């Protein structure tokens with residue numbers, strides 16, 4: 001049942017060479033990367049207010065999952081969800097308009113960075129809340145749309161929340177097609193995982209008889225085929241926890257990174273962006289330039305739009 | 001017409017709703033085989049099956065969260081929170097998801113979830129079986145909060161709540177579960193809309209505003225006051241959010257005096273909102289300040305002391321006296 005119980009320690013040496021990606025995978029990774037960078041720049045320049053949480057360093061998770069999830073599947077995202085949204089819809093204009101409160105926003109600017117709803121995609125910023133909701137959706141899917149699943153993204157910090165366990169219990173008891181994707185970036189805002197999570201994610205999944213799979217790689221070509229049979233099993237009503245060991249490159253939100261510089265440097269050692277640029281410069285450079293330009297265009301175009309209008313009584 | 005207890009009226013109302021709409025589900029702790037600790041869901045699992053009447057683990061957050069997920073897919077889940085004091089583990093889902101998701105999505109997502117909560121004291125139970133947490137939920141924008149005071153309303157209101165496309169927190173005054181009355185189960189033509197208050201006794205000299213368990217108490221107060229020559233009007237609010245303010249204002253402007261009665265603590269209780277609204281709307285019609293009768297600011301006491309905690313005939317009559325003496 002449990003694929004991997006003991007998480008592998010972080011590699012001490014530079015990670016292995018990345019394989020050459022398909023164009024669309026690399027383009028999506030780069031779109032998310034430049035979108036997130038632009039957001040931080042816009043906040044720094046005072047063009048955006050409120051708050052945001054970027055997924056810098058974690059882009060490969062939704063990119064790896066993208067073709068494994070179909071239009072009939074539900075995706076529940078969290079506070080760090082821009083990558084999840086972009087991997088699902090590729091809609092940088094709608095997302096930026098949502099964050100900036102401009103016309104054409106996904107939810108008219110009411111939801112903002114953390115509360116997106118579109119078709120079968122829903123996010124919320126409160127940790128753990130989505131799991132029971134995803135369980136309810138999964139119960140419906142099991143009954144009336146067999147083969148579809150509910151995928152919910154959480155972090156390592158989310159495992160402190162009781163709602164997670166209520167949902168895992170229901171998922172195991174009721175054979176729900178629930179895929180829990182954990183982006184374990186080793187730090188919950190400012191608290192290292194070792195200081196906030198007793199035991200392991202794998203051990204907690206095992207306690208419910210729920211399968212667990214650890215992904216330490218950032219190579220989409222490696223990750224995807226390994227996940228394919230596991231996702232297929234979820235579709236047959238076997239809930240699953242897939243834990244990605246990832247490295248958060250940026251702050252939790254903005255300017256609130258309490259890690260020592262060497263920890264951030266160590267995280268950067270794992271950054272697929274620099275690694276891919278090094279390993280495949282000929283493939284990287286043109287697509288990187290294209291993604292950068294695309295995001296710049298999105299920013300220019302969306303910034304010029306008028307504010308979003310909406311009525312609570314509409 | 002048929003004679004039903006309030007518990008049975010709720011049961012019959014849910015049964016009718018489940019017959020009318022296959023998307024109606026009942027879920028909660030021990031609602032199936034046991035039929036709920038107050039037997040409000042008695043027999044529903046036997047008749048509608050385990051797919052539609054779901055016994056859940058002890059997991060209030062999980063129950064409401066799962067109900068939200070089901071509602072997203074077109075179901076109309078009716079969740080039973082076994083006792084008032086058990087709703088707090090579900091507060092996160094109710095306040096942060098259920099109440100807010102429709103707004104965040106500009107109404108594209110509707111969540112027709114009913115959260116049934118047996119509420120209030122008077123049955124000799126313990127603290128977390130006797131609370132009146134309505135103000136937490138009336139304070140939360142995005143929820144309808146209603147409560148029934150009699151079997152006929154219970155039968156109609158539970159069906160109206162289930163049909164409603166908004167989330168509804170439905171308080172059931174547990175000490176009135178066994179009260180019997182005639183209930184017309186023939187149709188919905190005579191039902192008052194869910195968000196409307198009802199004048200349950202007409203009077204000319206003062207208005208008693210009550211809901212849930214205190215309506216019956218206030219009717220007894222009005223009968224006793226009649227012997228002293230005072231004519232009290234009793235308004236059963238039924239819907240706490242939205243509040244039927246026009247009905248309240250019409251009554252108080254006519255009588256000139258207003259006493260609010262609830263079991264929950266007076267301090268920051270729902271009565272504070274009523275007092276403020278009545279004062280704003282009826283200032284020049286009032287002969288006395290709006291007075292409030294309710295529980296003290298303590299946790300609900302052990303059952304042997306609950307008669308000291310709960311508003312009763314004497315305490316409400318005393319408030320009425322003060323309103324007249326002002």
Top-ranked residue in region A:135-150 [being in contact (Cβ under 8 Å) with a residue 60 or more places away in the chain and touching a helix residue (DSSP H, G or I) at 6+ places or on another chain (Cβ under 6 Å); ranked as nearest to the other protein chains (Cβ to nearest Cβ)]: A:137
Condition met for residue B:297 (buried (at least 20 other Cβ atoms within 10 Å of the Cβ) and touching a strand residue (DSSP E or B) at 6+ places or on another chain (Cβ under 9 Å)): no
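Given the residues B:107, B:65, B:121, which is the only one that is touching a helix residue (DSSP H, G or I) at 6+ places or on another chain (Cβ under 6 Å) and within 8 Å of chain A (Cβ to nearest Cβ)?
Numbers: B:107 fails: touching a helix residue (DSSP H, G or I) at 6+ places or on another chain (Cβ under 6 Å); B:121 fails: within 8 Å of chain A (Cβ to nearest Cβ).
Answer to the check: B:65.
Residue check: is residue A:179 out of contact with any strand residue (DSSP E or B) (no Cβ under 9 Å at 6 or more places or on another chain) and at pLDDT 95 or above? Can you show your working first?
Values: out of contact with any strand residue (DSSP E or B) (no Cβ under 9 Å at 6 or more places or on another chain): no; at pLDDT 95 or above: yes.
So residue A:179 fails the test.
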Qualifying position, being touching a residue at least 60 places away in the same chain (Cβ under 8 Å) and assigned to a helix (DSSP H, G or I), among B:248, B:169, B:252, B:215: B:215
Lone unmet requirement of (1) at pLDDT 95 or above; (2) surrounded by 17 or more Cβ atoms within 10 Å (Cβ to Cβ); (3) touching a helix residue (DSSP H, G or I) at 6+ places or on another chain (Cβ under 8 Å) for residue A:209: (2)
Selection within region B:135-160 - without any contact (Cβ under 8 Å) to a residue 60 or more places away in the chain and either buried (at least 24 other Cβ atoms within 10 Å of the Cβ) or over 17 Å from residue B:270 (Cα atoms) (or both): B:160
Number of positions in region B:172-212 that are surrounded by fewer than 18 Cβ atoms within 10 Å (Cβ to Cβ), free of Cβ contacts under 8 Å to residues at least 40 places away in the same chain and touching a strand residue (DSSP E or B) at 6+ places or on another chain (Cβ under 9 Å): 2
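Condition first: in contact with a strand residue (DSSP E or B) (Cβ under 8 Å, 6 or more places away or on another chain) and modelled with pLDDT of 95 or more. Now tell me which residues in region A:160-174 satisfy that.
If we filter region A:160-174 for residues that are in contact with a strand residue (DSSP E or B) (Cβ under 8 Å, 6 or more places away or on another chain), which is where we start, we get A:160, A:164, A:167-168, A:171.
Answer for region A:160-174, where residues must be in contact with a strand residue (DSSP E or B) (Cβ under 8 Å, 6 or more places away or on another chain) and modelled with pLDDT of 95 or more: A:164, A:167, A:168, A:171.
Check B:225, B:204 and return the single one that is modelled with pLDDT of 95 or more and not in a loop (DSSP other than H, G, I, E, B).
Numbers: B:204 fails: not in a loop (DSSP other than H, G, I, E, B).
It is B:225.
Would you check if there is a residue in region A:86-95 being in contact (Cβ under 8 Å) with a residue 40 or more places away in the chain, within 14 Å of chain B (Cβ to nearest Cβ) and outside any helix (DSSP H, G or I)?
Of the residues in region A:86-95, the ones in contact (Cβ under 8 Å) with a residue 40 or more places away in the chain are A:86-87, A:90, A:92-93, A:95.
From what's left, within 14 Å of chain B (Cβ to nearest Cβ): none.
Looking for residues that are in contact (Cβ under 8 Å) with a residue 40 or more places away in the chain, within 14 Å of chain B (Cβ to nearest Cβ) and outside any helix (DSSP H, G or I), one finds none in region A:86-95, hence no.
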Residues (touching a helix residue (DSSP H, G or I) at 6+ places or on another chain (Cβ under 8 Å) and crowded, with 19+ Cβ neighbours inside 10 Å) located in region A:153-164: A:153, A:154, A:156, A:157, A:158, A:159, A:163, A:164
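The values are calculated or read from the model by the stated rules, or taken from the named source; none is laboratory data. Just so it is clear, the model here is predicted, and its values are computed rather than measured. Every residue, glycine among them, receives a Cβ derived from its backbone with ideal geometry; neighbour counts consider all protein chains shown.
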